[in-house]
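See structure below.
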Amino acid sequence: MISETMEEKVLKPMMLHAARWVPYVHRAAKIDAEGYPVILAHFEDMARLERRPKPSAAVAGRAKEVSSYLKDYDSVLFLCDVLDHLATLSKVFQKDSVTVCV
């Protein structure tokens, strides 16, 4: 580690928000895949114009965009597969014992 080379003691931040962002995104993608029918139905409902109470145009637009993405279930599963490997790799690179030479 650089800190050892420079003979400096460095403390790791404990509550650094989104330090392991890939595993968080992976977890969210897995939740999407597992709860797919319910999540898709929710976004389709939010995008409906007849819905009461009527969502704002911005919310309805985002819901329509998300539901159109979710309708391609293969892409959700593909994202889960890719993030599975990236999350594992991300956790490996975050270990203190790993040295990356550039």
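The values are calculated or read from the model by the stated rules, or taken from the named source; none is laboratory data. Everything numeric in this text was worked out from a predicted model, so none of it was measured. Using ideal geometry, Cβ is built from the backbone for each residue, glycine included, and neighbour counts are taken over all protein chains shown.
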Cross-chain or 6+ apart pairs with Cβ under 7 Å, segment 57-68 first and surrounded by fewer than 13 Cβ atoms within 10 Å (Cβ to Cβ), then modelled with pLDDT under 90 | V59/M46
With criteria (1) modelled with pLDDT of 85 or more; (2) on the phi > 0 side of the Ramachandran plot, H85 comes up short on (2)
Flag for F78 being exposed (fewer than 12 other Cβ atoms within 10 Å of the Cβ) and out of contact with any helix residue (DSSP H, G or I) (no Cβ under 6 Å at 6 or more places or on another chain) = no
Please enumerate the residues belonging to segment 33-60 that are in contact with a helix residue (DSSP H, G or I) (Cβ under 8 Å, 6 or more places away or on another chain) and closer than 16 Å to S75 by Cβ.
-> A33, Y36, I39, L40, F43
If we ask which residues in segment 40-73 are within 18 Å of A28 (Cα to Cα), assigned to a loop (DSSP other than H, G, I, E, B) and either of a type outside the set (K, R) or touching a Ser or Thr at 6+ places or on another chain (Cβ under 9 Å) (or both), their number turns out to be 1
If you check K71 against the conditions, is it closer than 15 Å to H42 by Cα, in contact (Cβ under 8 Å) with a residue 24 or more places away in the chain and among the basic types (K, R)?
-> yes
